[in-house]
1. Give me the number: length gained by fully extending residue 34 to residue 100, i.e. 0.36 nm times residue separation minus the C-alpha to C-alpha distance, one decimal in nm.
2. How much length, in nm to one decimal, is gained on full extension between residue 23 and residue 84, taken as 0.36 nm per residue of separation minus their Cα-Cα distance?
3. Where does each of 170, 151 land when they are ranked from fewest to most other beta-carbon atoms within 10 angstrom?
4. Give me the one-decimal nm value for the distance between modelled label points at residue 92 and residue 107, 7 Å along each residue's Cα-to-Cβ direction.
5. How large is log10 of I(q)/I(0) for region 20-180 at q = 0.20 Å⁻¹ when the intensity is taken from the Debye formula with one equal scatterer per alpha-carbon?
6. Mind sorting 119, 97, 39 by how few other Cβ atoms lie within 10 Å of their own Cβ, fewest first?
7. What residues have an amide H closer than 5 Å to that of residue 70, excluding those fewer than 5 places away on the same chain, when H is modeled at 1.01 Å from N in the peptide plane?
8. Restricting things to alpha carbons, tell me how big region 20-63 is in terms of Rg and Dmax, in Å.
Amino acid sequence: MSARLEPWQRAEIPGPKKALVISKPGVVSAIVRRAKRVLLIVGSKAMEVKTEDGDLIDSAIRLGRTGKVQVAVTGHLIGEFIRRGFKGAYTIPLFNLGDRLRDPEWEGLDGKGPYDLVLLLGFPYYYEWLLLSGLKHFAPHLRTISLGRFYQPHASWSFPNTLPEEWRGYLSKIIEDLEVSG
């Protein structure tokens with residue numbers, strides 16, 4: 001693994017508390033299995049990023065079908081999820097969702113209780129950076145994992161800056177682990 005631990009966005013200082021680096025995909029699978037309520041937030045770049053499943057939407061659908069995560073999508077993507085046969089996704093603007101996640105009493109998109117783990121996937125780097133910064137400082141009850149291929153220091157856990165092929169393999173392994181433990 002090429003383990004560069006610098007933020008992809010230069011000149012931004014994350015502070016003394018930085019993301020723990022995910023060295024093995026099994027770490028993510030284990031964290032997700034132990035969590036009580038997991039939310040996967042899928043961003044606007046999901047159709048543009050290729051994975052072993054096709055694109056990030058296909059990977060997010062596989063994650064959603066494991067039954068371990070609830071899926072929230074931003075922007076125009078809800079139509080694409082429905083077109084691909086996945087009706088379990090919610091749609092909400094990213095920063096509106098970030099504001100709700102700060103509230104430890106918020107009952108979630110489905111009203112079944114607060115989330116304790118948030119996964120992020122498919123965002124422009126700077127959007128994810130901003131959301132994670134807000135959650136790190138104002139939502140201490142939440143743990144966050146950036147599933148993107150660039151190190152996000154404001155997350156609780158993040159991959160290091162990773163080559164595309166390597167990252168695609170990691171993402172696929174996480175999904176396979178969660179499907180097997182179903």
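No value in this document is a laboratory result; all are computed from the given coordinates. Here the structure is a predicted model, which is why all the values come from computation and not from measurement. Neighbour counts run over all protein chains shown; Cβ positions are idealised from the backbone, glycine included.
1. So the chain would gain 21.5 nm between residue 34 and residue 100.
2. Details: separation 61, 0.36 × 61 = 21.96 nm, distance 3.20 nm.
Result for the pair: 18.8 nm of gain on full extension.
3. 170, 151
4. Simple spin-label model gives 1.3 nm for this pair.
5. -1.45
6. 97, 39, 119
7. 38, 39, 40
8. Radius of gyration, then largest Cα-Cα span, for region 20-63: 12.1, 31 Å.
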